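The values are calculated or read from the model by the stated rules, or taken from the named source; none is laboratory data. Quick caveat: nothing in here was measured; it's all calculated off a predicted structure. Neighbour counts are summed over all protein chains in view; Cβ atoms, including those assigned to glycine, are modelled from backbone coordinates with ideal geometry.
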Amino acid sequence: MSTVVLLKPEPAPIVACTISRDVANFDLLIEDMEAELGESWGDLTFGDAAIFLSQPEADTLEFVAIAVNSEDENDLTRISSIITTAKEKGIRVILIAEEVSPIALHQLLRLGADDFVPYPLPEGALHEAIERLAHVDVIGATNVNPLLHAGSAPVTEFKATGGKDGTVLPVHGLAGGTGATTFAVNLAWELANVEKKGGPRVCLLDFDFQYGSASTYLDLPRREAVFDLLQDTGHMDADIFSQALLTFNDRLHVLTAPADMLPLDIVSGEDINRVIDMARANFDFVVIDMPSTVVQWTEAVLSQAHIYFAMLELDMRSAQNALRMIRALKSEGLPLEKLRYVLNRAPKFTDLTGKSRVRRLAESLDIAIELQLADGGKQITQANDHGQPLAKTAAKAPLRKEIQKLAKSLYDLNRAAETARG
């Protein structure tokens, strides 16, 4: 007589949990978790999570999805503690945020959240975040570059070789619309093409993490790899840095602004110094497009700069902002002498009244306006909208010729300095 043994199926192990004040507020997250994990996930409130994560049962978790909205900003201390506990146990954290202030989001990301997805969840966003976590785990075991998972955007052909000591040229608009990004992009392109063959290696860094548009002006995609790089500059090496760059027309290498709007203080002065140091070690010229806002790490950029271009126009707002900038640098004892003032949309040679206004502006601020750029007009808008430098769309434009002349002057000065050192 045979014995039939009835096996009761084991419940599926819990490999992930959502953590929120009330998961019912995130119905799209519930649907996506079920689609991705079936029954292998659980739901915890903030209070339950603090207890559960300290128990041995939490050791089976691969990740937690912490969902927060604006109502949770008063509970950041407890949420921060949950993230810290999860990281200590080696559990990865995906942060799901809806209408959370940039300051609160920044605080949570700095604690070590491995990925961030906005809510309502874009289609496939949770799936991609989980895939990225899995890929990073594999990378950690195989020592492969952790930025290779970041989408299908084209990667640069640049090979980090080191051994250089690049010239750093930040561009800072002292008011909105002064043309700082246009100037930075075209200066970088002209430097990269100053010689037909064997010219300098040039890198353009877009440090305007909120509204940076260098990628738009060069028709380049924004990549998640940039956010990954900025989040953990302490582990950045030459290969990771090179994988975050994109190449424009095989001549100019670009670190675009991140895909999503980020707080400007998501990085510290140390982070910025590491990125600039890496760029200097691998390029002859490093052009930096700065945000118009002065932030904590502006000092780090200024200290590394060889020339710090300050863009202004012939109007009262530019004059007042320039005065504020000068006072701020003087009060902090920062190297004000590095600033070179660039007047955009300068009056024409025959405009004597305009020339007189420029002179009075310089005298009132006690500065020298060393470079005056012509008004590019519609040609600038068309070039930027088409994602091309002026050299490609309006090579004979006066503005392009002035920037080209400046690039040649900088290149010649750099070569002369290298010869003198040699």
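Within segment 195-225, count every residue that is within 23 Å of GLY173 (Cα to Cα) and not small (Gly, Ala, Ser).
First, the residues of segment 195-225 that are within 23 Å of GLY173 (Cα to Cα): 202-220, 222.
Adding the requirement that they be not small (Gly, Ala, Ser) leaves 202-211, 216-220, 222.
Final tally of qualifying residues: 16.
Kindly indicate whether LEU329 is buried (at least 18 other Cβ atoms within 10 Å of the Cβ), modelled with pLDDT under 95 and under 25 Å from the mean Cα position of the chain (by Cα). Don't jump to the end; show me each part of the working.
Values: buried (at least 18 other Cβ atoms within 10 Å of the Cβ): yes; modelled with pLDDT under 95: yes; under 25 Å from the mean Cα position of the chain (by Cα): yes.
Criteria met by LEU329.
Residues checked against (1) farther than 16 Å from THR178 by Cα; (2) in a strand (DSSP E or B); (3) not polar (S, T, N, Q):
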site: SER364; (1), (2), (3): yes, no, no
site: LEU371; (1), (2), (3): no, yes, yes
site: ALA374; (1), (2), (3): no, no, yes
site: THR381; (1), (2), (3): no, no, no
site: LYS392; (1), (2), (3): yes, no, yes
site: LYS396; (1), (2), (3): yes, no, yes
site: LEU410; (1), (2), (3): yes, no, yes
site: THR419; (1), (2), (3): yes, no, no
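Among the listed residues LEU230, LEU204, LEU252, LEU245, which satisfies the condition of being over 27 Å from THR393 (Cα atoms), crowded, with 17+ Cβ neighbours inside 10 Å and touching a residue at least 12 places away in the same chain (Cβ under 8 Å)?
Values: LEU204 fails: over 27 Å from THR393 (Cα atoms); LEU252 fails: over 27 Å from THR393 (Cα atoms); LEU245 fails: over 27 Å from THR393 (Cα atoms).
Matching residue, one of LEU230, LEU204, LEU252, LEU245: LEU230.
Is there any pair linking a residue in segment 394-422 that is under 16 Å from PRO200 (Cβ atoms) to one that is part of a helix (DSSP H, G or I) and of a type in the set (Asp, Glu), with Cβ under 8 Å and at least six apart or on different chains, and which?
Correct list of pairs: ILE403/GLU190; GLN404/GLU190; LEU406/GLU190; ALA407/GLU190; LYS408/GLU190.
Yes or no: GLU337 loosely packed, with under 11 Cβ neighbours inside 10 Å, acidic (Asp, Glu) and outside any loop (DSSP other than H, G, I, E, B)? I'd like the intermediate steps shown before the answer.
Details: loosely packed, with under 11 Cβ neighbours inside 10 Å: yes; acidic (Asp, Glu): yes; outside any loop (DSSP other than H, G, I, E, B): yes.
Answer is yes for this residue.
So, of the residues in segment 226-254 that are acidic (Asp, Glu) and outside any helix (DSSP H, G or I), which turns out to be farthest from LEU105 (Cα to Cα)? Step through it out loud before you land on a result.
From segment 226-254, those acidic (Asp, Glu) are 228, 232, 237, 239, 250; that's our starting set.
From the residues that got through so far, the ones that are outside any helix (DSSP H, G or I) too are 232, 237, 250.
On the way: ASP232: 16, ASP237: 27, ASP250: 37 Å.
Only one residue tops the list, namely ASP250.
Go over the candidates ALA184, ALA257 one by one and state the one that is surrounded by 16 or more Cβ atoms within 10 Å (Cβ to Cβ) and either part of a loop (DSSP other than H, G, I, E, B) or in contact with a Leu (Cβ under 6 Å, 6 or more places away or on another chain) (or both).
ALA257
Considering only residues that are more than 15 Å from TYR217 (Cβ to Cβ) and either surrounded by 17 or more Cβ atoms within 10 Å (Cβ to Cβ) or touching a helix residue (DSSP H, G or I) at 6+ places or on another chain (Cβ under 8 Å) (or both), which ones fall in segment 367-389?
ILE367, ALA368, ILE369, LEU371, GLN372, LEU373, ALA374, ASP375
Could you go through segment 385-393 and let me know if any residue there is under 18 Å from ASP208 (Cβ atoms) and among the small types (Gly, Ala, Ser).
Of the residues in segment 385-393, the ones under 18 Å from ASP208 (Cβ atoms) are 387.
Next cut, among the small types (Gly, Ala, Ser) only: 387.
Checked against the condition, which is being under 18 Å from ASP208 (Cβ atoms) and among the small types (Gly, Ala, Ser), segment 385-393 yields at least one hit.
Do you know which residues across segment 102-113 are under 14 Å from ALA67 (Cα atoms) and part of a loop (DSSP other than H, G, I, E, B)?
Here is the first cut: in segment 102-113, the residues under 14 Å from ALA67 (Cα atoms) are 104-105, 108-109, 113.
ALA113, the sole residue that qualifies.
What do you reckon, is HIS306 assigned to a strand (DSSP E or B) and either within 16 Å of the chain's Cα centre (by Cα) or not small (Gly, Ala, Ser) (or both)? Give the steps one after another, and end with the answer.
Numbers: assigned to a strand (DSSP E or B): no; either within 16 Å of the chain's Cα centre (by Cα) or not small (Gly, Ala, Ser) (or both): yes.
Considered against the rule, which asks whether it is assigned to a strand (DSSP E or B) and either within 16 Å of the chain's Cα centre (by Cα) or not small (Gly, Ala, Ser) (or both), HIS306 comes out as no.
So which residues in segment 46-72 are more than 18 Å from PRO118 (Cβ to Cβ) and loosely packed, with under 15 Cβ neighbours inside 10 Å, if there are any at all? Walk me through how you get there before you give the answer.
Residues of segment 46-72 more than 18 Å from PRO118 (Cβ to Cβ): 46-62.
Within segment 46-72, GLY47, ASP48, ILE51, SER54, GLN55, PRO56, GLU57, ASP59, THR60 meet the criteria.
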